[in-house]
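The values are calculated or read from the model by the stated rules, or taken from the named source; none is laboratory data. Remember, predicted model here, so these are calculated numbers, not experimental data. Positions of Cβ are generated from backbone atoms using ideal geometry, with glycine treated the same way; all protein chains shown enter the neighbour counts.
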Amino acid sequence: MPRAGDFCNFELASNPTLTDRNPLGVKGVGEAGTLCAIPALINAVNDALAQAGLPAVGVPATSEKVWRVLRSMRD
């Protein structure tokens, strides 16, 4: 696992760019990298269920919802 001493020196900077699209003048991009995680997970769960001939579950795909769908396979 890399440690802080293993990295080269670097300098952080900020370059804010305001927007006129909202009253605060800010842009929300702090979680942009995680936006696709939930749909990808739901698609994977539903793909696995579909391969077993089971119906899809909706968001949130709780463990209880998935368990009930899997148990319906027995009936």
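Summary table
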item	result
In segment 6-53, residue nearest to Lys65 (Cα to Cα) [restricted to those that are among the charged types (D, E, K, R) and modelled with pLDDT under 85]	Glu31
Residue tally, condition without any contact (Cβ under 8 Å) to a residue 12 or more places away in the chain and not basic (Lys, Arg), over segment 59-75	6
Among (1) under 18 Å from the mean Cα position of the chain (by Cα); (2) surrounded by 10 or more Cβ atoms within 10 Å (Cβ to Cβ); (3) assigned to a loop (DSSP other than H, G, I, E, B) - the single one Lys27 does not satisfy	(1)
